[in-house]
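Peer 1: Dropping a structure here in structure tokens format, bear with me for questions.
The values are calculated or read from the model by the stated rules, or taken from the named source; none is laboratory data. Quick caveat: nothing in here was measured; it's all calculated off a predicted structure. Reconstructed Cβ throughout: ideal geometry from the backbone, glycine too, with neighbour counts over all protein chains shown.
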Protein chains: 2
Amino acid sequence: MNVLVLGAGQLARMMALAVKPLNITIRAFDVGSGKVVDPLASNIVFGSLEQGIEFADFITAEFEHIDHQTLALCQASGKLRPSSQAIKVGGDRRLEKQLLIKCGVANAEHSIIATKADFDQALNNLSLPLILKSALAGYDGKGQWRLKDKAQAAATWHDIKAFFDGGEQGVKHAVVAEQMVPFDREVSLVGARDSQGNTVVYPLTENHHTNGVLSVSIAREINQALQAQAKQMFDSIANELDYIGVLAIEFFQVGEQLLVNEIAPRVHNSGHWTQQGADTCQFENHIRAVCDLPLGSTELVRPSAMINILGEDHVPNEILQVASTTLHWYGKSKRAGRKMGHINVSGNSEQQLASRLTQLAEILPAATFDELNPYVTAYQQQLS
Amino acid sequence: MNVLVLGAGQLARMMALAVKPLNITIRAFDVGSGKVVDPLASNIVFGSLEQGIEFADFITAEFEHIDHQTLALCQASGKLRPSSQAIKVGGDRRLEKQLLIKCGVANAEHSIIATKADFDQALNNLSLPLILKSALAGYDGKGQWRLKDKAQAAATWHDIKAFFDGGEQGVKHAVVAEQMVPFDREVSLVGARDSQGNTVVYPLTENHHTNGVLSVSIAREINQALQAQAKQMFDSIANELDYIGVLAIEFFQVGEQLLVNEIAPRVHNSGHWTQQGADTCQFENHIRAVCDLPLGSTELVRPSAMINILGEDHVPNEILQVASTTLHWYGKSKRAGRKMGHINVSGNSEQQLASRLTQLAEILPAATFDELNPYVTAYQQQLS
């Protein structure tokens with residue numbers, strides 16, 4: 001079986017590694033170069049997208065910001081899973097908000113801003129503080145603004161206007177303004193839906209962000225009520241999209257209530273722990289769904305955590321001495337803040353996991369992993 | 001880091017998959033074609049062994065039957081781990097027996113037979129039944145004879161003589177005759193030793209053979225006394241060889257006593273379950289040792305089993321519905337009896353593992369997996 005992935009980054013690479021044992025061959029379309037590459041060897045396999053489409057039994061995507069012409073070409077082949085519509089929803093916060101409202105799932109109050117008049121109206125209709133996010137571009141904290149006080153309004157609008165003007169021509173730019181949610185924690189649910197409508201979800205993952213970028217994810221013992229709430233929302237959204245593949249939903253948790261923050265129509269950074277901590281990893285389950293193979297069990301094998309490696313291409317080898325620690329580099333060239341790799345670690349209990357996280361935090365350089373020590377300390381305190 | 005593996009079969013492929021996340025590149029020397037290939041893409045990377053040696057930071061092997069000229073070339077580069085001596089011991093039962101005796105580890109009484117006179121003497125010195133194994137060639141049940149009764153002696157010698165005559169010219173052929181051990185079960189120990197002399201071993205694995213070929217391996221809850229006995233033998237042998245990498249030892253268990261059957265200076269089929277069932281898999285630990293990275297924990301995550309897929313390139317997709325089941329194909333062309341892939345399955349308890357094995361045995365075709373049903377039935381009975 002042959003699968004073409006739109007996007008040739010670490011997610012395509014980890015899909016390729018996960019399903020090579022199933023004799024499924026992954027080729028990745030590098031949207032930058034317009035070439036199709038082997039994500040495990042990085043060499044060019046086909047010179048054009050059309051050849052990649054021809055080669056593939058199925059086509060999928062590792063990211064949602066794909067130009068609509070590429071999506072249309074793939075959709076027309078009848079091989080694209082999830083559909084171009086589902087991918088577009090993930091790439092446009094306006095469509096995403098429409099979907100969430102249609103599905104009746106809880107999410108933050110919002111307003112769409114394309115003009116100064118919209119901006120002024122949003123300030124009147126919503127309570128501050130606001131978070132304003134580019135509708136089209138940006139994730140990992142890019143294209144986002146926070147507005148805490150009306151005194152900042154003029155400066156914020158100036159920045160947003162500059163962002164619109166600097167963006168692609170001929171595109172209707174907008175930002176989605178949301179009331180900031182005073183959340184207790186951020187969690188995400190990664191799950192998969194197959195073409196028959198079967199769904200499976202992994203345990204909710206607790207996420208910790210640093211400057212808008214995920215730094216640590218942790219899959220703990222399941223809170224059944226919260227898990228059921230998240231699963232219901234997952235099913236609503238995935239069914240509405242007639243979704244095929246892995247879909248991730250990020251939530252704000254406020255008390256015992258989940259509010260959807262955003263959805264990602266793909267495998268997700270907060271699901272990387274599944275490589276060691278779940279019965280079947282998210283990369284394999286995504287490709288299983290795309291290829292009409294049975295979905296694999298998503299059961300938590302043991303409490304597990306993932307630490308992102310940002311902007312660094314070396315970590316001390318000593319981390320490999322910490323039991324159950326696995327290191328995943330993406331083979332990318334070093335750039336400040338770039339997602340270069342991640343570390344997975346598990347424990348037979350949350351206490352053991354916390355103890356191993358503490359060992360890792362002691363070894364990893366604080367300059368790069370500045371949020372790890374406070375996070376681990378807080379986690380230890382929660383458990384004690 | 002770049003590693004050249006002598007041999008381009010499934011073991012090199014699984015090493016490449018295991019350490020790609022560590023940014024270690026594996027190239028494999030195909031002894032048949034004399035070319036160096038990328039085991040994940042199968043394309044030729046270098047036209048000669050010399051180029052592969054030049055490319056590599058370290059060299060290792062996936063099998064022990066490597067011609068001595070190749071080994072000498074690799075040894076001379078100073079990059080070969082384990083040493084050519086250790087690899088040769090695994091490829092010559094005469095050297096293996098010398099080593100076991102030198103290390104003082106228990107093993108079956110034996111006699112070396114190169115001539116008819118040796119054969120007659122062995123019949124006098126050893127008690128029947130005997131198992132006679134080619135000293136040089138052969139594993140997975142090839143180049144082996146069983147002699148139960150003196151009446152078979154002439155016919156057996158005739159076969160062995162024909163085997164000698166049909167073998168490579170200019171080589172001193174021999175068979176090692178051993179008294180057959182009335183064992184209770186066959187177990188193996190897979191472990192790793194690094195260049196500093198540190199050793200780690202996985203839990204003893206129980207092995208079930210069909211016609212001399214491994215069909216099922218199972219890693220159960222540890223029997224501490226047996227594990228300690230095996231670890232001591234592992235350390236004796238690995239230290240004597242100043243071994244670097246993963247080394248496997250197959251044992252006969254007689255009561256509470258282990259006798260070494262044979263050793264394999266490499267990752268081993270009976271260690272494939274470690275891909276899902278252990279903290280660090282044998283493939284990663286082998287390359288960690290070879291590359292002077294810290295050895296990873298070998299702890300059993302949960303009871304796990306491996307089922308070999310022999311001579312078959314398709315299994316029902318339904319097996320993927322059995323929780324914790326992973327399928328590993330080797331991408332090889334179909335041939336009767338050939339190791340084509342394996343299935344790993346785990347359980348949170350031995351009971352759960354047995355139940356999942358039962359589900360798999362019901363789905364897998366009995367014609368190909370003929371020994372699985374009786375094995376699983378016996379395992380269920382042991383637990384009840």
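Peer 1: Which residue, of B:E262, B:E256, B:E250, is over 17 Å from the mean Cα position of the chain (by Cα) and either at pLDDT 95 or above or more than 12 Å from chain A (Cβ to nearest Cβ) (or both)?
Peer 2: Numbers: B:E262 fails: over 17 Å from the mean Cα position of the chain (by Cα); B:E250 fails: over 17 Å from the mean Cα position of the chain (by Cα).
Answer to the check: B:E256.
Peer 1: Check B:S84, B:S134 and return the single one that is within 19 Å of the chain's Cα centre (by Cα), of a type in the set (S, T, N, Q), within 30 Å of B:A228 (Cα to Cα) and surrounded by 12 or more Cβ atoms within 10 Å (Cβ to Cβ).
Peer 2: B:S84
Peer 1: Given the structure, is A:S236 assigned to a helix (DSSP H, G or I), more than 14 Å from chain B (Cβ to nearest Cβ), surrounded by fewer than 24 Cβ atoms within 10 Å (Cβ to Cβ) and touching a residue at least 60 places away in the same chain (Cβ under 8 Å)? So that I can check it myself, show each step before the final result.
Peer 2: Numbers: assigned to a helix (DSSP H, G or I): yes; more than 14 Å from chain B (Cβ to nearest Cβ): yes; surrounded by fewer than 24 Cβ atoms within 10 Å (Cβ to Cβ): yes; touching a residue at least 60 places away in the same chain (Cβ under 8 Å): yes.
The answer is yes for A:S236.
Peer 1: Further, regarding this structure: Given the conditions (1) at the interface with chain A (Cβ under 10 Å from one of its Cβ atoms); (2) out of contact with any Lys or Arg (no Cβ under 6 Å at 6 or more places or on another chain); (3) charged (D, E, K, R), and given that B:E362 satisfies all but one, which numbered condition is not satisfied?
Peer 2: (1)
Peer 1: Helices (runs of 4 or more DSSP H) wholly in the stretch B:267-384 with at least 3 residues that are under 20 Å from the mean Cα position of the chain (by Cα) - which ones?
Peer 2: Values: elements: B:274-277, B:282-290, B:350-363, B:372-383.
In the stretch B:267-384, B:274-277, B:282-290 are the helices (runs of 4 or more DSSP H) which contain 3 or more residues that are under 20 Å from the mean Cα position of the chain (by Cα).
Peer 1: Give the residue that is nearest to the chain's Cα centre (by Cα), with candidates limited to residues of the stretch A:87-121 that are β-branched (V, I, T) and surrounded by fewer than 18 Cβ atoms within 10 Å (Cβ to Cβ).
Peer 2: The extreme case among them is A:I101.
Peer 1: Here is a follow-up. So, in the stretch A:303-340, how many residues would count as being facing chain B (nearest Cβ under 9 Å) and farther than 18 Å from A:Y375 by Cβ?
Peer 2: The first filter runs over the stretch A:303-340 and keeps only residues facing chain B (nearest Cβ under 9 Å), leaving A:313, A:317-331.
Okay, now just the ones that are also farther than 18 Å from A:Y375 by Cβ, so A:313, A:317-318, A:320-321, A:323-324, A:326-331.
Of the residues in the stretch A:303-340, 13 are facing chain B (nearest Cβ under 9 Å) and farther than 18 Å from A:Y375 by Cβ.
Peer 1: Also, quick follow-up: Output the residues belonging to the stretch A:171-186 that are out of contact with any helix residue (DSSP H, G or I) (no Cβ under 7 Å at 6 or more places or on another chain) and in a loop (DSSP other than H, G, I, E, B). Spell out the reasoning first.
Peer 2: Step one: filter the stretch A:171-186 for residues out of contact with any helix residue (DSSP H, G or I) (no Cβ under 7 Å at 6 or more places or on another chain), giving A:171-172, A:178-186.
Passing the criteria: A:V171, A:K172, A:M180, A:V181, A:P182, A:F183, A:D184.
Peer 1: So which pairs qualify, if the first residue must be in the stretch B:149-161 and touching a residue at least 40 places away in the same chain (Cβ under 8 Å), the second must be surrounded by 13 or more Cβ atoms within 10 Å (Cβ to Cβ), the Cβ gap must be under 8 Å, and the two must be at least 6 apart or on different chains?
Peer 2: These pairs meet every condition: B:W157/B:F119; B:I160/B:I113; B:I160/B:F119; B:I160/B:L132; B:I160/B:W145; B:I160/B:V175.
Peer 1: Then there's this: Checking A:G277 against (1) more than 13 Å from chain B (Cβ to nearest Cβ); (2) under 19 Å from B:G347 (Cα atoms); (3) crowded, with 24+ Cβ neighbours inside 10 Å; (4) not aliphatic (A, V, I, L, M), which single condition isn't satisfied?
Peer 2: (1)
Peer 1: I've got another one for you. Just give me the residues in the stretch B:216-233 being crowded, with 21+ Cβ neighbours inside 10 Å and in contact with a helix residue (DSSP H, G or I) (Cβ under 9 Å, 6 or more places away or on another chain), in sequence order. Reasoning before the result, please.
Peer 2: Looking only at the stretch B:216-233, we keep the residues that are crowded, with 21+ Cβ neighbours inside 10 Å, and these are B:216-219, B:230, B:233.
Correct list: B:V216, B:S217, B:I218, B:A219, B:M233.
Peer 1: Right, something else. Which residue pairs have Cβ atoms under 7 Å apart, sit 6 or more places apart or on different chains, and have a first residue in the stretch A:113-125 that is modelled with pLDDT of 95 or more and a second that is of a type in the set (D, E, K, R) and surrounded by 12 or more Cβ atoms within 10 Å (Cβ to Cβ)?
Peer 2: That search, which allows pairs on different chains as well, returns nothing.
Peer 1: If only one of A:A56, A:A61, A:A72 is among the hydrophobic types (A, V, I, L, M, F, W, C) and exposed (fewer than 14 other Cβ atoms within 10 Å of the Cβ), which one is it?
Peer 2: Working: A:A56 fails: exposed (fewer than 14 other Cβ atoms within 10 Å of the Cβ); A:A61 fails: exposed (fewer than 14 other Cβ atoms within 10 Å of the Cβ).
Exactly one of A:A56, A:A61, A:A72 is among the hydrophobic types (A, V, I, L, M, F, W, C) and exposed (fewer than 14 other Cβ atoms within 10 Å of the Cβ), namely A:A72.
Peer 1: Here's something else I'd like to know. Taking the stretch A:20-36 only, how many residues are of a type outside the set (S, T, Y) and closer than 16 Å to B:S42 by Cβ?
Peer 2: Going through the stretch A:20-36 one residue at a time, the tally reaches 6.
Peer 1: Please go through (1) out of contact with any Leu (no Cβ under 8 Å at 6 or more places or on another chain); (2) in contact (Cβ under 8 Å) with a residue 24 or more places away in the chain for B:E206 and return the number of the only condition it doesn't satisfy.
Peer 2: Tallying (1) out of contact with any Leu (no Cβ under 8 Å at 6 or more places or on another chain); (2) in contact (Cβ under 8 Å) with a residue 24 or more places away in the chain, B:E206 fails exactly one: (2).
Peer 1: Same structure, new question: How many of the residues making up the stretch B:336-384 are under 11 Å from B:V216 (Cβ atoms), surrounded by fewer than 16 Cβ atoms within 10 Å (Cβ to Cβ) and modelled with pLDDT of 95 or more?
Peer 2: Matching residues across the stretch B:336-384 total 0.
Peer 1: Same structure again: Where residues in the stretch A:29-50 are closer than 24 Å to A:A72 by Cα and within 13 Å of another protein chain (Cβ to nearest Cβ), which of them is nearest to the chain's Cα centre (by Cα)? Lay out the reasoning, then the answer.
Peer 2: Restricting attention to the stretch A:29-50, the residues satisfying the condition of being closer than 24 Å to A:A72 by Cα are A:29-39, A:44-50.
Next, only the ones that are within 13 Å of another protein chain (Cβ to nearest Cβ) stay: A:37-39, A:44-45.
Working: A:V37: 23, A:D38: 23, A:P39: 20, A:I44: 27, A:V45: 27 Å.
Result: A:P39.
Peer 1: How many residues, within the stretch B:1-19, are free of Cβ contacts under 8 Å to residues at least 60 places away in the same chain and more than 23 Å from the chain's Cα centre (by Cα)?
Peer 2: Going through the stretch B:1-19 one residue at a time, the tally reaches 1.
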